[in-house]
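For reference, the structure is listed below as structure tokens.
The values are calculated or read from the model by the stated rules, or taken from the named source; none is laboratory data. Predicted, not measured: the structure shown is a model, and the values here were computed from it. In this analysis, Cβ positions are derived from the backbone assuming ideal geometry, glycine residues included, and neighbour counts consider all displayed protein chains. Heads up: the accessible areas ignore ligands, DNA and RNA and are worked out on the full protein's heavy atoms, side chains in. Shrake-Rupley method; radii C 1.70, N 1.55, O 1.52, S 1.80 Å.
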Amino acid sequence: MLKFLARSLLLAAALTMFTNAYAEPIVIKFSHVVTENTPKGKGANMFKQLVEERLAGKVEVQVFPSSQLFGDADEIIALLKNDVQIIAPALSKFSKFTDVLQLYDLPFLFNDLDAVACFQESSSGKEMLDSMSKKGIKGLAYWHNGMKQLSAPVPLRTPESAAGLKFRIMSSDVLQAQFQAVKANPQKLAFSEVYLALQTGQIDGQENTWSNIYSQKFFEVQPYFVESNHGLLDYMLVTSQRFWKSLPADIRTELDKIITEVTVAVNDLASKENEDAKKLIIDSGKTEIIKLTAEEKGKWRAAMKPVWDQFKDEIGANYVEKAAACSN
Ligand code: SIN
């Protein structure tokens with residue numbers, strides 16, 4: 001009997017070793033819509049590199065940039081169907097799943113990325129990472145891109161100069177209200193379609209960060225930019241609750257550590273990436289970048305800020321107050 005037991009135990013151990021040695025790695029598909037030379041593109045590649053160093057043979061990461069696998073219209077649904085395991089949409093693109101993240105689209109809410117970090121690192125900011133858990137979406141981290149700039153076929157020195165122009169926006173009702181506040185005509189459009197829409201005149205203008213403006217070549221088809229810093233473009237790195245819970249605990253713990261490390265790195269490099277992109281745009285000589293005076297910027301702020309009142313009940317007035325306090 002003892003011999004039989006010992007043989008069975010040996011057999012079980014050998015089987016486990018064999019299974020582990022030949023087990024297929026867990027595949028994480030990470031899909032995004034920007035190019036690889038942007039803060040999010042670099043973050044995705046850094047994540048792949050660290051996972052493959054530290055979880056070699058156990059987890060494989062496949063990165064799909066530039067809407068190659070999924071674009072704005074379908075990436076969140078693909079995540080919920082487990083066709084992709086990690087995505088990092090702009091915070092403006094979650095409005096079908098939660099109201100609270102609309103906070104980040106309020107115009108002139110944050111002065112700069114330090115103010116954004118102040119809120120995101122607060123208990124309220126962290127709470128928002130869980131705002132879509134009932135919809136099956138798990139927030140893993142916030143990744144910065146930067147502050148948005150406006151562009152158009154005319155120099156947008158005053159809010160009045162935007163009246164009647166068609167501006168591309170992400171799928172956000174706050175951004176829609178922001179442009180309606182200056183009597184412009186906002187058009188919701190997927191990121192991958194913006195360049196062509198600008199080139200063909202389907203839209204007149206747009207708002208985005210310098211790194212996206214440079215990497216998508218928007219500066220080649222927009223004669224005037226204003227350095228308005230009027231709004232924020234940040235991301236939430238998300239996975240599905242279903243996929244995350246299916247992972248072995250030790251792998252989840254290691255992935256969590258890697259995500260923390262990559263988040264620090266992305267958030268450190270984002271400002272420089274945008275400054276570098278701005279310099280490249282200036283050096284191209286293909287467009288003009290206008291700096292607003294304090295008075296001109298004050299006029300834009302006064303024209304757009306009423307949007308806060310339109311959305312503060314949906315978002316939660318306490319969140320708006322706390323976020324605004326980070327810029328005081
Ligand atoms: C992105 O940075 O992921 C795209 C933002 C946009 O749609 O403008």
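Could you tell me how many of the residues in segment 176-192 are more than 10 Å from the ligand (Cβ to nearest atom) and assigned to a helix (DSSP H, G or I)? So the count comes out to 5.
Residue pairs whose Cβ atoms lie under 8 Å apart, sitting 6 or more positions apart in sequence or on different chains, and linking a residue in segment 153-165 that is touching a residue at least 24 places away in the same chain (Cβ under 8 Å) and over 11 Å from Ser228 (Cβ atoms) to a partner that is of a type in the set (Gly, Ala, Ser) and open to solvent by less than 50 Å² (accessible area, probe 1.4 Å), are Pro153/Gly205; Val154/Ser161; Pro155/Ser161; Leu165/Ala152; Leu165/Ala184; Leu165/Gly205.
From the list Val266, Val307, Val221, the one residue that fits, being modelled with pLDDT of 95 or more, in contact with a helix residue (DSSP H, G or I) (Cβ under 7 Å, 6 or more places away or on another chain), closer than 30 Å to Pro25 by Cα and not aromatic (Phe, Trp, Tyr), is Val266. Residues of segment 278-306 that are touching a strand residue (DSSP E or B) at 6+ places or on another chain (Cβ under 9 Å) and not charged (D, E, K, R): Ile281, Ile282, Thr287, Ile289, Ile290, Leu292, Trp300. The residues in segment 76-124 that are assigned to a helix (DSSP H, G or I), surrounded by fewer than 22 Cβ atoms within 10 Å (Cβ to Cβ) and away from the ligand (no atom under 16 Å from the Cβ) can be counted, and the count is 9. Can you tell which of Ile203, Ile213 is free of Cβ contacts under 8 Å to residues at least 60 places away in the same chain, within 16 Å of the ligand (Cβ to nearest atom) and β-branched (Val, Ile, Thr)? Ile203 is the lone residue from the list that is free of Cβ contacts under 8 Å to residues at least 60 places away in the same chain, within 16 Å of the ligand (Cβ to nearest atom) and β-branched (Val, Ile, Thr).
Among the residues of segment 139-173 satisfying the criterion of being closer than 21 Å to Arg301 by Cβ and among the charged types (D, E, K, R), which is most open to solvent (accessible area, probe 1.4 Å)? Here the residue is Glu160.
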